[in-house]
Protein chains: 2
Amino acid sequence: MRLSEYEKLRISMDKPQAQELRIMHATLCKAIADPTRIALLYELSENPKHVNQLVEALKLPQATVSRHLKMLRERSMVYTRREGSYVFYTLADQRILDALDLMRAVKSDILNRHRSLAEVTGDL
Amino acid sequence: MRLSEYEKLRISMDKPQAQELRIMHATLCKAIADPTRIALLYELSENPKHVNQLVEALKLPQATVSRHLKMLRERSMVYTRREGSYVFYTLADQRILDALDLMRAVKSDILNRHRSLAEVTGDL
DNA sequence: TTTAGATATGCGGTTATCCGAATATGAAAA
DNA sequence: TTTTCATATTCGGATAACCGCATATCTAAA
């Protein structure tokens, strides 16, 4: 065994934390794992918008948009500011968009790879 | 109306595609939205590993690991190579890890923000 | 061909996610 | 205060995600 007692203790104390952190990590990722929320986040990347603007942009029922926004809000990925009777939503962190862009690029590459594979095997 | 007929046609043809692309985008994001798969991907970031190595690293039932690996494989996020009776899994795209790191950084910032907020309001 | 080790899958049950429809809340205007 | 517009929430049902357990498949060695 190569771990000191101190290190073992530290690890055993960190393990549950590490697990919890991974759950939080996954919780944030879940927030970007839905087509509607992806669309919402890209809408907000341009500038803050209020709910009706988002409803019009996405052409989805207001309740649906509102529920998805709530989920993003609960995770602190967007924040809100009231102006008159409108509630404006703002993207809290640009890196969320960066992560989405990365995954989108990965997706494009996978699609292209599959397409050229289909060409070769004659599946087109 | 400012769109030419050609542009309108292009858009109407692209719309369903755009929706489909967003679904694929979300499908890839779903793959990183689970604590177990996050752990798997970080394990594979170091170097390719076979299933038993992953089972030992994560201390989870082999069936569980295998099923999560299947999901990543079906989405082309990892690929496999057989060596004797072992199947080695390799991370297909480093950007998947980059995206995970971004989301992890966002998560840390959110946690810290909440912690310092708790200090101020005396919730610690 | 039989055995053993490594990996994958099928089945059943539990929990989580998502949505539509209706309704509640909250601010502003009448 | 009543009405109106914007936004949030609740309820119920459908679907999907996840897991444990058992078992199937595949490879290599005996």
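The values are calculated or read from the model by the stated rules, or taken from the named source; none is laboratory data. Here the structure is a predicted model, which means the values were calculated and not measured. Neighbour counts run over all protein chains shown; Cβ positions are idealised from the backbone, glycine included. Note: accessible area is taken over every heavy atom of the protein model, side chains too, but ligands, DNA and RNA are not part of it. Shrake-Rupley method; radii C 1.70, N 1.55, O 1.52, S 1.80 Å.
Work out the mean other chain Cβ neighbour count within 10 Å for the residues of A:106-113 and drop it here as an integer. Spell out each step's value before the answer.
On the way: counts 13, 11, 3, 4, 7, 3, 0, 2.
What the average comes to for A:106-113 is 5.
Going down the table (B:K49/B:K107; B:K49/B:K70; A:K107/B:K59), which pairs top 24 Å between alpha carbons? Intermediate values should be presented prior to the final figure.
Values: B:K49/B:K107 28 Å; B:K49/B:K70 14 Å; A:K107/B:K59 30 Å.
From B:K49/B:K107; B:K49/B:K70; A:K107/B:K59, over 24 Å: B:K49/B:K107; A:K107/B:K59.
Would you be so kind as to identify which of B:L72, B:L102, B:L91 lies farthest towards the positive end of the dipole of the stretch B:32-121, taking Lys and Arg as +1 and Asp and Glu as -1 on Cβ and the Cα centre as origin?
B:L72
Quick one: which residues, 5 or more positions from A:H50 or on another chain, have an amide H under 5 Å from its amide H? H modelled 1.01 Å from N in the peptide plane, none for Pro or chain starts.
Correct list: A:Y89.
Between the label point of A:L60 and that of the same position in each other copy, find the distances and list them shortest first in nm, with every label point placed 7 Å from Cα along the Cα-to-C-beta direction.
2.7
When you count, for each residue, the other Cβ atoms within 10 Å and take the mean per peptide, how do B:18-24, B:113-119 rank with the highest first? Display every interim value, and only then the final one.
Working: B:18-24: 14.4, B:113-119: 11.1.
Going from most to least packed, we get B:18-24, B:113-119.
Kindly compute the accessible surface that chains B and A hide from a 1.4 Å probe when together, both sides summed, and give it to the nearest 100 Å². Don't jump to the answer; show the numbers that get you there.
Working: alone 9260 and 9240 Å², together 15170 Å².
For chain B against chain A, roughly 3300 Å² becomes buried.
Provide an ascending nm list, one decimal, of label-point separations from A:E83 to the equivalent residue in each further copy; define each label point as 7 Å from Cα along Cα→Cβ.
The projected label point of A:E83 is separated from its counterparts by 5.8 nm.
Using the Karplus curve 6.51 cos²θ - 1.76 cosθ + 1.60 with θ = phi - 60°, what ³J(HN,Hα) values do you get for each residue of the stretch B:33-46, in whole Hz, with x for Gly and Pro?
Along the stretch B:33-46, the couplings run 9, 8, x, 5, 5, 4, 4, 4, 5, 5, 4, 6, 5, 6 Hz.
When you look at the Cβ of every residue in B:30-38, what mean number of other chain Cβ atoms sits within 10 Å? Please list the in-between numbers first.
Details: counts 5, 3, 8, 10, 7, 10, 2, 3, 6.
For peptide B:30-38, the averaged partner shielding equals 6.
Taking the Cα atoms of the stretch B:65-124 alone, what are Rg (to one decimal) and Dmax (as a whole number) in Å?
Spelled out, the Cα radius of gyration and Dmax of the stretch B:65-124 are 18.9, 60 Å.
According to the Kirkwood expression over distinct Cα-Cα pairs, how big is the hydrodynamic radius of the stretch A:32-92, in Å? List each step's numbers first, then the result.
Details: mean 1/r = 0.0888 Å⁻¹.
By the Kirkwood definition, the hydrodynamic radius is 11.3 Å.
Could you work out, residue by residue across A:71-77, how many beta carbons of other chains sit within 10 Å of that residue's beta carbon, and then give the average as an integer? Please report the intermediate quantities before stating the final value.
Working: counts 0, 0, 0, 0, 3, 7, 3.
Average per residue, whole number: 2.
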